[in-house]
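Report on one structure; see the data block that follows.
The values are calculated or read from the model by the stated rules, or taken from the named source; none is laboratory data. Note that the structure is predicted; figures quoted are calculated from it, not measured. Because the Cβ atoms are built from the backbone with ideal geometry, glycine has one as well, and the counts that use them run over all protein chains shown. SASA here: full protein model, heavy atoms, side chains in, ligands and nucleic acids out. Shrake-Rupley method; radii C 1.70, N 1.55, O 1.52, S 1.80 Å.
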Number of protein chains: 2
Amino acid sequence: MDSSSETRSGIHVAVDLTVLTLRDGALNVLLIQREDDPHRGAWALPGGFIEEGEDLEGAAYRVLADEASLGSGAVHLEQVRTFGTPGRDPRGHVVSVAFMALGANLPAPRRGEDVADARWWAVEELADVPLAFDHATVLDCAIERARSKLEYTTLAVTFLPEEFTVSQLRGVYESVWGTTLDAGNFHRKATRTEGFLEELDRHAAPTGGRPARLYRAGEGTSLMPPLLRSGD
Amino acid sequence: MDSSSETRSGIHVAVDLTVLTLRDGALNVLLIQREDDPHRGAWALPGGFIEEGEDLEGAAYRVLADEASLGSGAVHLEQVRTFGTPGRDPRGHVVSVAFMALGANLPAPRRGEDVADARWWAVEELADVPLAFDHATVLDCAIERARSKLEYTTLAVTFLPEEFTVSQLRGVYESVWGTTLDAGNFHRKATRTEGFLEELDRHAAPTGGRPARLYRAGEGTSLMPPLLRSGD
DNA sequence: TCAAAAGTGTTGCGAGTACACCCATGG
DNA sequence: CCATGGGTGTACTCGCAACACTTTTGA
C-alpha cells in the first residue's frame with residue numbers, strides 16, 4: 001500500500017475492514033490512527049489496496065494480519081458493500097470493497113506498518129469521533145449489516161468462544177442490538193431452534209446462581225423463524 | 001470499454017448488470033451476446049469498465065443506456081455484490097461490481113456497440129445456457145437478492161406500471177418466487193400493510209370477472225411484518 | 001344463469017410476549 | 001435463609017394458512 005499523498009492515475013481497488021468484537025459486554029470496532037496523509041492523525045478503518053492477482057478476501061485477510069495482527073483463525077469475514085464515489089479518497093479514484101470481520105475475544109492490536117496507533121473503540125462512544133474518508137458511512141453500513149444478520153442467521157456465535165452458555169449468547173444479542181431480551185423466552189427460542197445450538201454435558205462455573213449448561217455452535221447457519229429485534 | 005482480448009496490466013474495475021423484468025408472467029433477464037473475445041458469441045450480462053472519475057451507479061446507468069438502450073427512468077438500481085477473484089476474466093485482473101436493475105415492462109433491447117445480439121431470457125429456460133465469465137454465479141446472486149428483497153421491502157411494485165391491481169402485484173410475487181399464493185390472504189396482507197399500497201378511486205377494466213380496484217405504490221419501503229415465501 | 005375474478009369472514013394453529021414460578025448454587 | 005442467575009410453565013395475543021363465502025362483472 002502506497003501511503004504517500006500524491007494523486008495517482010488510474011482507478012485503484014482497496015478493501016476496508018470493519019472488525020467487530022465484544023469487550024466488556026459492548027460492541028467494539030477496531031480503528032487505526034493514520035500515520036500519513038491524507039487524513040494524517042485521523043482514525044480510520046483498517047484497509048489497504050489490493051495487489052494485482054490478489055483475491056478480495058485474500059486482501060482482507062492480509063490487512064487483518066498486517067494492520068490488526070489478527071490471524072484468519074477465529075474471524076468470520078463477509079463482504080458488505082462497495083464504495084466507489086469519485087472524491088472519497090483525495091489521492092485519486094479509489095473503489096473500496098467493504099468487509100466486516102466478526103470474532104470472539106480478539107486481542108489488543110499490535111500496531112502495524114504505516115499506523116500510528118491502533119485500538120478498540122466501543123461503537124457507542126464513536127458518535128463524536130470524525131473518521132477518515134467516508135469511513136463513518138462504511139462503518140454504519142457494516143454495523144447495520146451485522147445487526148440484521150443476527151436476526152436470521154446463527155452469526156451471533158462467532159462473537160463467543162467455542163463453548164458458551166445461553167446467557168452469554170443472549171448477551172451478544174443485547175450488546176449488538178443495544179436492547180434487553182427476556183431471559184426465559186430467549187432461552188427457549190435459542191435451545192429449540194433447530195441447528196442453532198448443540199448441547200454439551202458440562203456446566204459453566206456458577207456466577208452467583210445456578211450453573212448454566214454449556215453449548216457449542218450447531219450445524220445450521222440460518223434461523224427459521226428469525227429472532228427479531230422487538231423494538232423495531 | 002476496450003473489448004480486445006489482449007491482457008491488460010493493472011487492476012480494472014467493471015460493473016455487471018442483472019436487469020430483471022416480467023414478461024408474460026415470467027421473470028426475464030436481459031443478456032447480450034458478445035461480439036468479441038473473450039467468450040465471443042457467448043451470452044453474458046451487460047457490463048463495462050468504469051472510467052476514471054465515474055461513479056459506480058453512474059457507470060451502471062451508462063451501461064444500461066449503451067447496451068440495453070434503457071433510460072434511467074423506470075428502473076430500480078441496486079448494488080448486489082462485488083466479484084474479484086483473479087482469473088474470472090482472461091484479459092487480466094477485473095474486479096466487477098454487480099448491480100441488479102428492476103423495471104416494469106422494459107422494452108425489447110436495441111443492440112448496442114460491441115454487442116452481436118441482445119434479448120430477454122426467461123430465467124427458467126436459462127439453466128442449460130452457459131454464460132460468459134462467472135456470470136452464472138453473478139446472475140444467481142442477483143436473482144436470490146431480488147427474491148429475498150420482495151419479502152421484506154415494497155420492491156415488487158417496481159415490476160409494475162404506476163397503477164396496478166392487487167392481482168397484478170400478487171402475480172409479481174408468484175412469478176419471481178415461482179410459487180402460487182392464496183388470492184384472498186394476499187389481498188388482505190397487501191392492502192392492510194401500512195405504506196405498501198395507496199388506494200385509488202378507479203377500477204381496472206374487468207378481465208372476465210369483477211373489476212379490480214386500482215392502486216399505486218405507497219410511501220413505505222419496508223414491509224413489517226414481512227411477506228414470507230411459504231415453501232421455505 | 002354461469003363462469004371467473006375480486007374481495008371478505010371465519011377458524012385453527014404456531015409463535016412471540018409477559019410474567020409467574022421452580023431449580024441450583026454461593027454466601 | 002437469602003440473593004442470584006438458570007430454566008420451565010402458562011395465559012394472552014397476533015398473524016398467517018386454509019377455505020368457505022359474497023360481490024360484480026361479461027358471456
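Explain nothing, just the number: relative contact order of region A:11-151, from Cα pairs under 8 Å at least 6 residues apart, as a whole percent.
Computed over region A:11-151, the figure is 33 percent.
Once the Cα atoms of helix A:183-192 and of chain A are each reduced to a long axis, what angle between those two axes, in degrees from 0 to 90 to the nearest 10, is obtained?
Value to nearest ten degrees: 90.
What number, rounded to the nearest 500 deg cm²/dmol, is the helix-based mean residue ellipticity at 222 nm of chain B, given -39500 (n - 2.57) per DSSP H run of at least four residues and division by all its residues?
-7500 deg cm²/dmol
For region B:83-100, list whatever residues lose no less than 30 Å² of accessible surface once every protein chain is in place, relative to that chain by itself, with the probe at 1.4 Å.
Flagged in region B:83-100: B:PRO86, B:HIS93, B:VAL95.
log10 I(q)/I(0), Debye, Cα-only region A:153-217, no solvent, q = 0.28 Å⁻¹?
For region A:153-217 at q = 0.28 Å⁻¹, log10 I(q)/I(0) is -1.48.
Could you tell me how many cubic angstrom of Cα convex hull volume the protein assembly as shown has per residue?
Cα-based convex hull of the protein assembly as shown, divided per residue, equals 168 Å³.
Can you give me the % of accessible surface on region A:153-217 that is carbon or sulfur? Probe 1.4 Å, all protein chains present, nothing else counted.
The computed percentage sits at 45.
Just the number, please: Stokes-Einstein D of region A:70-158 in µm²/s, Kirkwood Rh from C-alpha pairs, 25 °C, 0.890 mPa s.
In µm²/s, the coefficient rounds to 163.
Give me the percent of accessible area attributable to carbon and sulfur for region B:11-151, probe 1.4 angstrom.
Heavy-atom surface of region B:11-151 belonging to carbon and sulfur, 1.4 Å probe: 44 percent.
Could you state the accessible area per residue of chain B in Å², with a 1.4 Å probe and every protein chain left in place?
46
Stokes-Einstein at 37 °C, 0.692 mPa s, Kirkwood radius from Cα pairs: D for region B:1-110 in µm² s⁻¹?
It comes out at roughly 226 µm²/s.
Once both labels are modelled 7 Å past Cα along the beta-carbon direction, what's the B:ARG88-B:ARG229 spacing in nm?
2.2
With 5 Å bins from zero, work out the P(r) of chain B over every alpha carbon pair and list the percent per bin.
Values per bin, smallest distances first: 1, 6, 14, 17, 18, 14, 11, 8, 6, 3, 2, 1, 0.
By how many degrees, 0 to 90 and rounded to 10, does the Cα axis of helix B:56-68 deviate from the longest principal axis of chain B?
90
With a 1.4 Å probe and all protein chains kept in place, how much accessible area does A:ILE143 have, in Å² rounded to the nearest 10?
Answer for A:ILE143: close to 20 Å² accessible.
Once amide H atoms are built 1.01 Å from N in the peptide plane, which residues 5 or more positions from A:ALA98, or in another chain, come under 5 Å H to H?
Correct list: A:ASP16, A:VAL80, A:ARG81, A:THR82, A:PHE83.
Tilt of helix A:166-177 relative to the longest C-alpha principal axis of chain A, in degrees (0 to 90, nearest 10)?
Helix A:166-177 sits at roughly 40 degrees to that axis.
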